[in-house]
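Report on the structure given below.
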Amino acid sequence: MRRADFSTIIPSLAPRAEDIALDRLLSPTRHYRHPEDVLRDDTLERSEKRAILSSWASDACAVESMPALRQPPGAESPIPFDVIMDALRRLDRGDIGADDAVCGSADHHHRLHA
C-alpha cells in the first residue's frame with residue numbers, strides 16, 4: 001500500500017487541516033489521548049464526539065493484518081475497546097460531566113495541544 005493510500009486511513013499521515021475544528025475530527029489523536037478527553041471537550045457537538053469515539057472503536061477492532069489500525073495514530077498505547085465503548089454508552093446516556101473520572105488517573109486525561 002502506498003503512503004498516499006494510508007493518508008485516508010491513518011489520520012496521523014494525513015496533512016493537518018488549517019481549521020482546528022476540522023482537524024479534531026479528521027485527526028483526533030492529535031488533540032485527544034483518551035476517550036475521556038473527547039467526552040469533556042465542550043467545543044464538540046454530541047455527533048462529533050460520537051464520530052471520534054466510533055472511529056477509535058473501529059480502529060480497536062481492525063484486522064490483524066493492519067496492526068497500525070488497532071491503535072489510534074499518535075496514541076501512546078492502544079485504547080481498550082471496552083473503554084471506548086463505555087465512553088460511547090455514557091455519551092448516549094448523557095452521563096458526562098466535568099468531574100467524571102473513569103480511569104482514576106490524571107495521566108489518562110491529558111489533552112494534546114495542536
Extension gain residue 50-residue 86, at 0.36 nm per residue separation less the Cα-Cα distance, in nm?
11.8 nm
Can you give me the distance in nm between label points at residue 19 and residue 93, each placed 7 Å from the Cα along the Cα-to-Cβ direction?
3.4
Long-range amide H contacts for residue 32: which residues qualify at under 5 Å (H placed 1.01 Å from N, peptide plane, sequence gap of 5 or more or a different chain)?
112
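Any read-out appearing in this document is the output of simple, stated calculations on the displayed coordinates, not a laboratory observation. Because the structure is a prediction, the values reported are computed rather than measured. Note that we place each Cβ from the backbone using ideal geometry, even for glycine, and neighbour counts take in every protein chain shown.
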